[in-house]
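The values are calculated or read from the model by the stated rules, or taken from the named source; none is laboratory data. On a predicted model such as this, the values are computed, not experimentally measured, just so you know. No Cβ is skipped: glycine too gets one built from the backbone with ideal geometry, and neighbour counts run over all protein chains shown.
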Amino acid sequence: MVRPSDDLRDSIRNVPDFPKRGIIFRDITTLLKDKIAFQKTIEIFYDRFKSYEVDKIVSVESRGFIFGSALANRLCVGFIPVRKPNKLPSKTIREEYQLEYGKDALEIHMDAIQKGERILIVDDLLATGGTVQATCKLVEKLGGEIVGLAFLIELSFLKGRDNLKDYNVYSIIQYDNE
């Protein structure tokens, strides 16, 4: 049986040993330059979430912006960027999260979400789940109701979904090994 994601998987380039030896980098630029594959990706997301009554889409820089803004346009909803520290021009709130070696942080504008708004979080990749967990905390601090988490790619062998059990997680393509 051919799944809708099979040809999308074929449009993603695998780059061995990037950014370091032993890692296979899933390069989505080959999918993005293919107008049919890119459009199909957005349509798959749209079909999945069109009935969720989403008010806004939240995405994390930088590749999440690509899918999140295109889907926000397709759903006719607002788009909210979440960025690394000191990149947003107005008042923000911050959430720190743990990396494999050290910490990082994300920020969102304080006025980005109104209490009770229904939020879909969209990103290109789910690995360990740290980035999306921090994003969820930001949305919830502002009073948003998270209706789903959507990813183009899920590296299921890293078990990031296990850290997101309180949320409705959807991914188009899953990789079960490096």
(request) State all residues of the stretch 150-178 that are under 21 Å from residue 12 (Cα atoms), of a type in the set (A, V, I, L, M) and out of contact with any Lys or Arg (no Cβ under 6 Å at 6 or more places or on another chain); if no residue qualifies, say none. (result) 150, 152, 155, 158, 172
(request) Starting from residues that are under 12 Å from the mean Cα position of the chain (by Cα) and among the β-branched types (Val, Ile, Thr), keep the ones in the stretch 122-177 and report whichever is farthest from residue 103 (Cα to Cα). (result) 172
(request) Report, ordered by the first and then the second residue, all pairs with beta carbons closer than 7 Å, sequence separation of six or more or different chains, a first member in the stretch 127-156 that is closer than 21 Å to residue 91 by Cα and in contact (Cβ under 8 Å) with a residue 24 or more places away in the chain, and a second member that is surrounded by fewer than 21 Cβ atoms within 10 Å (Cβ to Cβ) and β-branched (Val, Ile, Thr). (result) 136/146; 138/93; 139/146; 141/93
(request) Name the residue, out of 11, 51, that is surrounded by fewer than 12 Cβ atoms within 10 Å (Cβ to Cβ) and either under 16 Å from residue 150 (Cα atoms) or within 19 Å of the chain's Cα centre (by Cα) (or both). (result) 51
(request) With a cut-off of at least 2 residues that are under 21 Å from residue 140 (Cα atoms) and among the acidic types (Asp, Glu), name the strands (runs of 3 or more DSSP E) lying wholly within the stretch 39-124. (result) 92-99, 102-109
(message) Among the numbered criteria (1) out of contact with any Gly (no Cβ under 7 Å at 6 or more places or on another chain); (2) of a type in the set (Phe, Trp, Tyr); (3) free of Cβ contacts under 8 Å to residues at least 40 places away in the same chain, which one does residue 67 miss?
(response) (3)
(message) Among the residues in the stretch 86-96, are any closer than 25 Å to residue 39 by Cα, touching a Leu at 6+ places or on another chain (Cβ under 9 Å) and free of Cβ contacts under 8 Å to residues at least 60 places away in the same chain?
(response) no
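When the stretch 74-115 is examined, which residues are found to be among the small types (Gly, Ala, Ser) and surrounded by fewer than 10 Cβ atoms within 10 Å (Cβ to Cβ)?
Passing the criteria: 90, 102.
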(request) State whether the residues of the stretch 43-54 include one that is over 18 Å from residue 168 (Cβ atoms) and modelled with pLDDT of 95 or more. (result) yes
(message) From the list 148, 160, 116, exactly one residue is among the small types (Gly, Ala, Ser) and in contact with a Ser or Thr (Cβ under 7 Å, 6 or more places away or on another chain). Which is it?
(response) 160
